[in-house]
Amino acid sequence: MMDKPGQDLIDARLHDRAAGVESIEALLVSIGAPRLQRLGIRLPATLPDPENRLYELLSAEDSDSAHSRYNALIRRLVSYERAAECAS
C-alpha cells in the first residue's frame, strides 16, 4: 500500500515524541492533531503552542526562510490530512 503524501511527517513525529524530542515534525503534527485524531490516527500527547514554537524553531535555523518553510510544512500537513480523509 502506498503512503499518503506527508506520511513521513507522521512517522517522524511518532518516533520523536516517543523519544521525547521537540522536532519540526513533532510540532507540525501537534498543529494538525485535532483533525488527525478525528480521522482515527492515534497520536501521543501534543506539544503546547505548536504554531509559535514551530516558527521559532524554523527561524532559529534560518530566519530568512522561516516564513516560507512554515507555509510549505503546513501545506504538506494539509495534503496528508486530505489524503487521509479520502482514504477513510
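The values are calculated or read from the model by the stated rules, or taken from the named source; none is laboratory data. Just so it is clear, the model here is predicted, and its values are computed rather than measured. FYI the Cβ positions are ideal-geometry reconstructions off the backbone, even for glycines, and counts take in every protein chain you see. Only protein heavy atoms, including side chains, enter the accessible area calculation; ligands, DNA and RNA are left aside. Shrake-Rupley method; radii C 1.70, N 1.55, O 1.52, S 1.80 Å.
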*Residues (closer than 16 Å to I74 by Cβ and open to solvent by less than 40 Å² (accessible area, probe 1.4 Å)) located in segment 32-49*: G32, A33, L36, L47
_Search result, residues across segment 10-31 that are in a helix (DSSP H, G or I), open to solvent by 50 Å² or more (accessible area, probe 1.4 Å) and among the acidic types (D, E)_ = D11, E25
*Output for segment 50-75, where each listed residue is in a loop (DSSP other than H, G, I, E, B) and surrounded by 12 or more Cβ atoms within 10 Å (Cβ to Cβ)*: S65
*Kindly provide the set of residues from segment 76-88 that are open to solvent by 50 Å² or more (accessible area, probe 1.4 Å) and either in contact with a Lys or Arg (Cβ under 7 Å, 6 or more places away or on another chain) or over 14 Å from I24 (Cα atoms) (or both), ordered by number.*
R82, E85, C86, A87, S88
